[in-house]
Every structure is written in structure tokens, then in C-alpha cells.
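Each reported figure results from applying straightforward, stated rules to the coordinates on display, with no laboratory input. This structure is a prediction, so every number in the text was calculated from the model and none was measured. Quick reminder, even Gly has a Cβ in these numbers, built from the backbone with ideal geometry, and neighbours come from all protein chains shown.
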Amino acid sequence: MRASEKEKAREFFLKNFNKPYQPHHHFLSGDAGRCLGRSNRATNSVDYLSYGTVLKRQKAFADGLLQLGLQPHHSKVGIYSANSPEYVLAEYGAYRHSLVVVPIYDTLGTNVASFIANQAQLSVVAVDKLERVEKVVEQATAFTSLRHLVLMNSGLINEEIRAKGKQKGKN
């Protein structure tokens, strides 16, 4: 790409997009095509979500965050997850309403998750799998500002885990 083409592209982006999710939404608004994929070891292939499905799920996630009381331009959402399509959906969902994303990784130990959540004063943390939900619930008192855990996959939080969380003052 020549310098003049780069400048035109830069001007287009600056003029038309002021939020991180907007270029994604603008260019990927069609339903056709493969957007996000996950390796399927059983079939030795990749299972893809279409662009339209990705945009619908991002919007649903984003709107759900507002229902939990997060405020655009002011709130932060933690994402406690391995890299995955769900992580991307949560990240761009948060960007959709100008929320700040705070990644949480536990590679340095489980207490690091509560340290990051407390430093960022996170009230909502999106989690990729039930095992991480259980880790957070076991240490719920260490997460001082946490009010809501959002499980990003299709699994369900069982009543035992829910009861433990409520016992420790978490929803």
C-alpha cells in the first residue's frame, strides 16, 4: 500500500469510527462467511461462527452487561478466560458500549485473579468455564468489589455453586 493510500485509509477510519467495535461491525455486517472458529478435535476440522452470528452474540453480551448495571464510558469488565471465540465475543461486546476490558489470567496462581479484579475494582467478571467459576466462588471473599460472574459458554452454574456464591455475598 502506497503512502497516499495509507493516508486515505487512515482518514476514512478517523472520520467514520470512534469506537473500537465500529470497524468490525461496519465491515462484517453480512451473515455469510466464516468469522470466528474453534478447533474440533473429534472431526479434525474447525467449527466456525458466521459474521452475523458473531455480531448478534456480541450485542447480546453487551446488552447483558448493561442489564447488570455497568455504565458506558465508566465501567470495566473482567474477562477470566483462555483465548477463545467466547473471549473475542466478550471483548468486542464490552467495546460495543465503551466499557474497559481487563484481562485476567491465572498463570501465576489463582490468587492473581482476585488481585487483578480488586486492583481494577471489577464488579463483573466474565468466565469461560465452570472450573474458573468454582475457583472464584471458593475465593469469593478475596474478590472485594465483584458482584456478578457471567459464564460465557453454554454450561450451567449448578445450584450448589450458586448457593456458595450467595453465602459469600456474590450473585
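Could you list, in their original order, any pairs among K129/K164; K8/K76; K56/K164; K15/K129 whose Cα atoms are separated by more than 29 Å?
With Cα atoms farther than 29 Å apart: K8/K76; K56/K164; K15/K129.
How high is the FRET efficiency between Q119 and E7 when r is their beta carbon distance and R₀ equals 45 Å, given to the nearest 0.05? Walk me through the numbers on the way to the answer.
Working: r = 40 Å, r/R0 = 0.88.
Computed FRET efficiency for Q119 and E7 comes out at 0.70.
Want the number for L130 to N44: 0.36 nm per residue separation, take away the alpha-carbon distance, what's left?
Details: separation 86, 0.36 × 86 = 30.96 nm, distance 2.50 nm.
Going from the current span to full extension adds 28.5 nm.
Can you figure out the FRET efficiency of N83 with Q139, using R₀ = 22 Å and their beta-carbon distance, to the nearest 0.05?
Details: r = 23 Å, r/R0 = 1.05.
Between N83 and Q139 the formula returns 0.45.
Determine which residues of segment 124-152 fall in the zone a paramagnetic label at A163 would reach in this model, i.e. backbone nitrogen under 16 Å from the point 7 Å along Cα→Cβ.
Taking a point 7 Å out along Cα→Cβ of A163, the residues of segment 124-152 whose backbone N falls under 16 Å are 138.
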